[in-house]
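First the structure, in the form of structure tokens, and then the observations on it.
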Amino acid sequence: VGKGARRLHVSAAFNAKAKVAMSRFEPGTSISYEKLHENIDIVRKRLNRPLTLSEKIVYGHLDDPMGQDIARGRTYLRLRPDRVAMQDATAQMAMLQFISSGLPKVAVPSTIHCDHLIEAQIGGVEDLKRAKEVNQEVYNFLATAGAKYGVGFWKPGSGIIHQIILENYAYPGVLLIGTDSHTPNGGGLGSICIGVGGADAVDVMAGIPWELKCPNVIGVKLTGSLSGWTSPKDVILKVAGILTVKGGTGAIVEYHGPGVDSISCTGMATICNMGAEIGATTSVFPYNHRMKTYLNKTGRADIAALADKHKDDLVPDKGCKYDQVIEINLSELKPHINGPFTPDLAHPVSEIGAVAEKNGWPLEVKVGLIGSCTNSSYEDMGRAASLAKQALDKGLKCKAAFTVTPGSEQIRATIERDGFSKILRDVGGVVLANACGPCIGQWDRKDVKKGEKNTIVTSYNRNFTSRNDANPATHAFVTSPEIVTALAIAGTLKFDPETDYLTAANGEKFKLEPPNGDELPARDFDPGQDTYQHPPAESGSVMVDVSPTSTRLQLLEPFDKWNGKDLEDLQVLIKVKGKCTTDHISAAGPWLKFRGHLDNISNNMLIGAINIENDAVNKIKNRLTGEYGGVPDVARHYKANGLSWVVVGDDNYGEGSSREHAALEPRHLGGRVILVKSFARIHGTLSGYMWSHQERGEGIGVWRGMWVGSMRGKAFETNLKKQGMLPLTFADPTDYDKIRPDDKISITGLATFAPGKPLKGVVKHGDGSQDIITLNHTFNENQVEWFHAGSALNRMKELQ
């Protein structure tokens, strides 16, 4: 008995000692590799086959590993993510929804990151100061809401959400969801990190299982090793060229093979980050010594030691099968540059000059931009600085304008200390704020006029039309920071740094030596300024400040419950002709500032949709007054007069980002039904690219790209369901042609509304005739309850 008691004591002591916090900011949390292993073991035995790493982490977080139906690409998984991260533009509505839930605290560790609302104009210090003044109300709301509900708050100037996650919160085996499409960046640290909409984030923060369509797994086998001018960015640029912007749809991209060890941890993050551009659910690398080194250097040696003990669960099983396999020999991979207007138009750098000349793309590089969440690591900045130093030593500066965006305050402080920032400034660079900046279009560009044809090169992840500077004539190319720096020095696309010469100030011809830079700083990182706000232990006295007169923030009112009756005589608000993306439904750009005010942002509802009645945008007939007006104005008039309405749409309705405002706004303005030929069902945020007019390769001037896809594993259709709307499809798509712009439609059969059971539509025409049509839906049992309750949030309250 004594020996048994001693063994029990030793075991308890070991377990207590083995507990490791999820982050240094959350000492009360702990990483549970034991639970992950237990779930993996259950699923492996059930499936009776080896598992990929993606499967291990995803299935390891199943709510019910014993009973969950698991079939890649078919079934929906109910998962328990470990944590949530939100950027400031999407956090506003997410926190407003969480407040509406009535819950006192978040159920999982969660953070808010202020990075999207800082516009690049002059330089880091000045731009940050102005952003704090302009956005003071929003920042105050997010800070107090975070304090009230237990959410960590990273102040403006902290850095970009994905870099902060990599430095502090990602770790091998974690399942993290974030309200930004480039959340997969964390896959560079062996994490499954997935971009979601705000409503999904609220589910997880409320402790509700999160639903994800069981992803397929694409394997990318890497052999050889990176060297010379080739960088980690070239791996994903090459993969994008192979898979295209839709090739990763519904899948996790899993990198493996002996070549993985030649890539730094931050380089792996770069590859995973841009995986969003191929439509992938996320991307991931297996745990290795490069990740261990990064964890140690970022103050997380305890996590690295724990991961070492559980490494078998953090790498793929031998013999596991992928749905598709791509092989890339890193020793043969050449530097790439992709674009313009799409991130999958891949060119070797050695060929881009000739291709640009052939297609009439501007050869002169107007601006080179390095940094962003994709490429702002210490290694990236060091390699760029090594090239800038060579130019300076020869008396040269950049011929193009040159900007530098540090990914975080820690990176900014460290590259400042180690002299990289000075070198980059000396060569002509402007160091911007630690924020998204030009990468997301937060760039007050002055050097060209709107409509002026020009070329920019960036180390960012996206380059679709007008993305960076709101100029549709800007030809944007994405590449590595090293190639951006070289092209900014040369000032032209017609420059291959591997073979071409530059002319020094004294007339001497010289070639740039391949870039070099340390993976991590020899003297450890300089953390810089402390920009993190811990949520207080006691938050009862914290007041969340939302002024009733605010134009930027508005507390949400619950939507009405279903009244138990069929929806009678819904007025057709607009019959949409052709493509209708989330940008058509809820435009971005200048509307970004209203993301936290539902009523104000609803003034952009469907203002970009084409009215089939007159081929006009934002011009529809008010059937109550007989006058024409804007779509939001007519919708408001109907609502004020107690007239509910329906939108009729074409194929792939709701393409684009999972902009939940595109679902909230119709509900807010009195809509009840969205009736279409089909809804967009693409898995990825802004992650597919639909082409019109002419196919690629016939001249960029006629390309018109629209991003398609909704958040990982979720469709725009699901967002509508969450707001209590009825998204329905014509059982016979030709019934679309039966609908007239002045019709009224009744939806019948709601008393027995159930999964798999179609509803009926009674279409009442102005001449007194009727058509009865069959309407399909994809509601499951939980989603039917959302409809009955009026919204998913209302249902959440009912269950409390």
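Coordinate-derived values only; no laboratory data. Worth saying up front: this structure is predicted, and the values here are computed from it rather than measured. A quick note on method: Cβ atoms are made from the backbone with ideal geometry, for glycine too, and the neighbour counts reach across all protein chains shown.
Between R425 and S30, the FRET efficiency estimated from the beta carbon spacing at R0 = 51 angstrom works out to 0.70. Take each peptide in 377-388, 517-528, count the other Cβ atoms within 10 Å of every residue, and average; sorted highest first, the result is 377-388, 517-528. Rounded to the nearest 20 debye, the dipole magnitude of the chain is 920 debye, with +1 charges on Lys and Arg beta carbons, -1 on Asp and Glu beta carbons, and the Cα centre as origin. Note on segment 268-306 and segment 453-485: Cα centroid distance 26 Å, given to the nearest whole angstrom.
Projecting the Cα atoms of A470, N776, L243 onto the dipole axis of the chain, where Lys and Arg carry +1 and Asp and Glu carry -1 at the beta carbon, places N776 farthest toward the positive end.
The D771 and K509 beta-carbon pair, evaluated with R₀ = 60 Å, returns a calculated FRET efficiency of approximately 0.20. Note on N782 and A640: the model spin-label points, each 7 Å out from Cα along the C-beta direction, lie 4.0 nm apart. As a calculated quantity, the FRET efficiency between R523 and A470 at R0 = 35 Å, using C-beta atoms, amounts to about 0.30. Restricting to the chain, what percent of DSSP beta bridges are antiparallel, rounded to 5? Rounded to the nearest five, the antiparallel share is 40 percent.
When the Cα convex hull of segment 554-632 is projected onto planes of every orientation, the mean area is 6.9 nm². Tally the DSSP beta bridges in segment 336-510 and give the antiparallel ones as a percent, rounded to 5. For segment 336-510, the DSSP antiparallel bridge percentage is about 35.
Computed about the Cα centre, the dipole magnitude for segment 21-329 is approximately 520 debye when only Lys and Arg (+1) and Asp and Glu (-1) carry charge, each at its Cβ.
Tell me, in nm to one decimal, what length is gained between I122 and D560 on full extension, where the rule is 0.36 nm per residue of separation less the Cα-Cα distance?
On the way: separation 438, 0.36 × 438 = 157.68 nm, distance 4.73 nm.
Extra length from I122 to D560 when fully extended: 153.0 nm.
Helix content alone sets the calculated 222 nm mean residue ellipticity of the chain: runs of n ≥ 4 DSSP H residues at -39500 (n - 2.57) each, divided across all residues, give -8500 deg cm²/dmol. Applying a threshold of 29 Å to the alpha-carbon distances of K450/K593; K494/K579; K358/K449; K105/K233 flags K494/K579; K105/K233 as lying beyond it. Label positions at W591 and S550, each projected 7 Å from the Cα along the C-beta direction, are separated by 2.0 nm. Judged by the gyration tensor of its Cα atoms, with axes a ≥ b ≥ c, segment 336-510 is oblate; a/c meets the 1.5 cut and b/c is at least as large as a/b. Here the Karplus relation 6.51 cos²θ - 1.76 cosθ + 1.60, evaluated at θ = phi - 60°, turns the backbone of segment 529-542 into coupling constants of 6, 7, 10, 9, 10, 6, x, x, 4, 10, 10, x, 8, 6 Hz, with x for every Gly and Pro.
Straight-line cross-link partners of K213 among the lysines, defined as a Cα under 21 Å from its Cα and at least 8 positions apart when in the same chain: K56, K246, K321, K714, K721, K722. For segment 251-263, backbone phi angles converted through the Karplus equation (6.51, -1.76, 1.60; θ = phi - 60°) give residue-by-residue couplings of 10, 9, 8, 10, 8, 7, x, x, x, 4, 5, 8, 10 Hz, Gly and Pro being listed as x. With the highest mean first, a sort of the peptides 258-265, 212-219, 19-26, 196-203 on other beta-carbon atoms found within 10 angstrom per residue produces 196-203, 212-219, 258-265, 19-26. Of the GluC sites (Glu not before Pro) found in segment 453-509, the ones in coil according to DSSP and having at most 12 other Cβ atoms within 10 Å of their Cβ are E508.
A crude spin-label estimate for the pair K132 and A616, with each label 7 Å from Cα along the Cβ direction, gives 4.8 nm.
Does segment 512-593 come out rounded, prolate or oblate by the C-alpha gyration tensor, with a ≥ b ≥ c the root eigenvalues, rounded set by a/c under 1.5 and, if not, prolate when a/b is larger than b/c and oblate if not? All intermediate terms of the calculation are to be shown ahead of the outcome.
Working: a/c = 3.34, a/b = 1.58, b/c = 2.11.
Because a/c hits 1.5 or more and a/b fails to exceed b/c, segment 512-593 counts as oblate.
Taking amide H as placed 1.01 Å from N in the peptide plane, T455 has its amide H under 5 Å from the amide H of K366, H475, each at least 5 places away in sequence or on another chain. Think of the chain as a dipole: +1 on every Lys or Arg Cβ, -1 on every Asp or Glu Cβ, centred on the Cα centre; then among A384, G756, V676, G756 lies furthest on the positive end.
Could you pull out the trypsin sites (Lys or Arg not before Pro) across segment 397-475 that fall in loop regions by DSSP (anything but H, G, I, E, B) with no more than 12 other Cβ atoms inside 10 Å? Provide the component values of the computation, followed by the final result.
Values: sites: K397, K399, R412, R417, K422, R425, R445, K446, K449, K450, K453, R462, R467; in loops: K397, K399, R445, K446, K449, K450, K453, R462, R467.
Sparse-neighbourhood loop trypsin sites (Lys or Arg not before Pro): K446, K449, K450.
For segment 236-247, backbone phi angles converted through the Karplus equation (6.51, -1.76, 1.60; θ = phi - 60°) give residue-by-residue couplings of 6, 5, 5, 4, 4, x, 7, 7, 6, 6, 10, x Hz, Gly and Pro being listed as x.
Which shape class applies to segment 181-299: rounded if a/c is under 1.5, otherwise prolate when a/b exceeds b/c and oblate if not, where a ≥ b ≥ c are the square roots of the Cα gyration tensor eigenvalues? Oblate, because a/c is 1.5 or more while a/b does not exceed b/c. Reported to the nearest whole Å, the Cα centre-to-centre distance from segment 20-38 to segment 338-407 is 40.
Shape summary of the chain, radius of gyration then Dmax from alpha carbon positions: 26.5, 93 Å.
Working from the alpha-carbon coordinates of segment 115-187, get Rg over Rh, Rh being the Kirkwood radius. That ratio is 1.01, to two decimals. Please name whichever of I574, P527, G630 sits farthest to the positive end of the charge dipole of the chain, dipole taken about the Cα centre and charges placed at Cβ: Lys and Arg +1, Asp and Glu -1. Ranked along the dipole, the leading option is P527. For segment 530-620, GluC sites (Glu not before Pro) are listed when DSSP marks them as loop and at most 12 other Cβ atoms sit within 10 Å of their Cβ; the list is E538.
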